[in-house]
Amino acid sequence: MDLLHSHGVRAIQHLQENCQGSLGFLSLMSAVGDPRNTFLLYFPVWFHLSRRVGTRMVWVAVIGDWLNLILKWIMFGQRPYWWVQETSIYHGQAVPRLQQFPITCETGPGSPSGHAMGSACVWYVMVTAVLAHLKRAGGGTLYRCVRIFLWTLFWVIQLSVCVSRVFVATHFPHQVILGVLAGMLVAEAFNHTSWIYSASARQYSAVSLALFLFALGFYLLLKLIDVDLLWSVERATKWCAKPDWIHMDTMPFSGLYRNLGALVGLGLAVNLKASRKGFGKRQKMQGSFKGLCMVISLAALQLLDYLRIPTSSPYLFYALSFCKCATIPLMTVAFVPSCIGWLANSKGGKAFV
């Protein structure tokens, strides 16, 4: 692995020497691949376009990120910014200098890349959803042209996300490649999973609890045999260029609580009586209603994202992260449409029906 890592370091140095002018674009693409944007940006749009696609998107994002955590714990992947300081391969030589950025200091293990895996999951869902709709509409020349365009766009975005993660020295090239492949496999598996669209709140809660117990049990089991799965946090803290670049929301368990909160929240939201009753009505409404739901949901979620969770206690941070992320689907699926529907009905509903 040292040989593979050393080649990866040279690739990072090449990018950092030749792509400084693209720093803004690469930072943007790293944000595009941020798994949190699945819930804050993509889900509110797609759920109001298609309940099935929005539901599948959340399931794919949650299971994909959970699997990413388990794979990271199994593979013990290094990250470039600390590996160059810890390895003995440069014994007697100058240690390569890797530039760090505010988004470099991820604290979990590095393989596979969570950003690359999350981006591949979500964009695969979006692309295949559009193509399936066009194919049902008749296919033909338009379908083939759109298919080529969308898959080209998919790969351009994945390549850009991967390059951005390598550029900031938070991942080696092989880690982002593995992330993209794993993300596509998870998304494709859920293209053939139909029970999630009619799952009850109890099933959502049962799956969330099972995912949590498996992750916690796996962590505790290895801890009993003196394998510390949080080994990477110490290395990140030691070798990060600036202490304030270490964020609690990059800790290995943070993503787990965040994703389980989103899944539980979606289960509650889609099974609320008001939500189920509203689905049938909204199908008959004009696009202006759905468009208004999208815009207000996006605005409300951006305001929610501005709420900062106190980091004085890890347990309080995890609990509040769970609640905050559970609020996202509840607000998108139930609260915002219900409020708009109530306002429309109080004014006769003529604007939307």
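If each of A241 and S88 carries a label point 7 Å out from its Cα toward its Cβ, how far apart are those two points in nm?
Inter-label distance under the simple model: 2.9 nm.
Does anyone have the angle between helix 273-283 and the longest principal axis of the chain? Alpha-carbon axes, 0 to 90°, nearest 10?
80
Can you give me the C-alpha center-to-center distance between region 1-66 and region 95-141, rounded to a whole angstrom?
Region 1-66 and region 95-141 have Cα centres spaced 5 Å from each other.
Sort L3, L41, L98 by heavy-atom solvent-accessible area, probe 1.4 angstrom, most to least.
Working: L3 115, L41 70, L98 25 Å².
Most to least solvent-accessible, the answer reads L3, L41, L98.
Dipole of region 201-259, Cα-centred, from +1 at each Lys and Arg C-beta and -1 at each Asp and Glu C-beta, to the nearest 20 debye?
The dipole magnitude comes to about 140 debye.
What is the log10 of I(q)/I(0) for region 1-89, computed with the Debye formula using one identical point scatterer on each Cα and no solvent, at q = 0.17, 0.23 Å⁻¹?
Relative scattering, expressed as log10 I(q)/I(0), comes to -0.94, -1.11.
Let me know the whole percent of all Cα-Cα pairs from the chain that are separated by more than 32 Å. Write down the numbers at each step before the final one.
On the way: 21720 of 62128 pairs.
Result: 35 percent of Cα pairs exceed 32 Å.
Determine the order of Y306, Y124 by accessible area, beginning with the largest, at a probe radius of 1.4 Å.
Output order, biggest surface exposure first: Y306, Y124.
Which peptide among 257-265, 163-171 comes first, and what is the full order, when sorted by highest mean count of other Cβ atoms within 10 Å?
163-171, 257-265
Sort 215-221, 72-78, 309-315 for me by packing, meaning the mean count of neighbouring Cβ atoms within 10 Å per residue, highest on top.
Numbers: 215-221: 13.7, 72-78: 18.4, 309-315: 10.1.
Order by mean packing, descending: 72-78, 215-221, 309-315.
Residue by residue through region 235-251, which ³J(HN,Hα) values in whole Hz follow from phi under the Karplus form 6.51 cos²θ - 1.76 cosθ + 1.60 (θ = phi - 60°), with glycine and proline marked x?
Those phi angles translate into 5, 5, 5, 6, 10, 5, 5, 9, x, 6, 8, 8, 10, 5, 6, 9, 5 Hz.
Among E188, E106, what's the order by accessible area (1.4 angstrom probe), most exposed first?
E188, E106
Quick one: how many Å² of W151 are accessible to a 1.4 Å probe, rounded to 10?
60
Once both labels are modelled 7 Å past Cα along the beta-carbon direction, what's the S22-A210 spacing in nm?
For S22 paired with A210, the spin-label model returns 4.2 nm.
Given the rule -39500 (n - 2.57) for each run of at least 4 DSSP H residues, summed and divided by the residues of the chain, what is its mean residue ellipticity at 222 nm, to the nearest 500 deg cm²/dmol?
Working: 15 runs with 245 residues, N = 353.
Calculated mean residue ellipticity at 222 nm is -23000 deg cm²/dmol.
Alpha carbons only, please: Rg and Dmax for region 128-266, in angstrom.
For region 128-266, the Cα radius of gyration and maximum Cα-Cα distance read 20.0, 60 Å.
Tell me, what % of the accessible area of the chain is carbon and sulfur with a 1.4 angstrom probe?
Ligands and nucleic acids excluded, carbon and sulfur give 66 percent.
For the chain, take the longest principal axis of its alpha carbons; what is the angle in degrees between that and the long axis of helix 2-18, to the nearest 10 within 0 to 90?
Result, in degrees: 70.
Residues in region 309-334, backbone N under 18 Å from the label point at H133 (7 Å along the Cα-to-beta-carbon vector): list them, ranges by number please.
333
If packing is taken as the mean number of other Cβ atoms within 10 Å per residue, what is the order of 320-326, 172-178, highest first?
172-178, 320-326
Over the chain, give the accessible area per residue in Å² for a 1.4 Å probe, as an integer.
49
Rounding to the nearest 10 and keeping the result within 0 to 90°, find how far the Cα-based axis of helix 173-190 lies from the longest principal axis of the chain.
On a 0 to 90 degree scale, this one is about 30.
What accessible surface, in Å², does a 1.4 Å probe find on V295, ignoring ligands, DNA and RNA and rounding to the nearest 10?
90
By a straight-distance test (C-alpha under 19 Å), which aspartates and glutamates pair with K242 as possible cross-link partners, with residues fewer than eight away in the same chain excluded?
List returned: E86, E106, E234.
Return the long-range amide H neighbours of S111 (sequence gap of 5 or more, or a different chain), with a cut-off of under 5 Å between placed amide H atoms.
The list, which skips near neighbours in sequence, is G77.
The values are calculated or read from the model by the stated rules, or taken from the named source; none is laboratory data. Just so you know, these numbers come straight off a predicted model, no measurement behind them. With ideal geometry, Cβ positions are generated from the backbone for all residues, glycine too; neighbour counts draw on all protein chains shown. Calculation scope for accessible area: heavy atoms of the full protein, side chains included, ligands and nucleic acids excluded. Shrake-Rupley method; radii C 1.70, N 1.55, O 1.52, S 1.80 Å.
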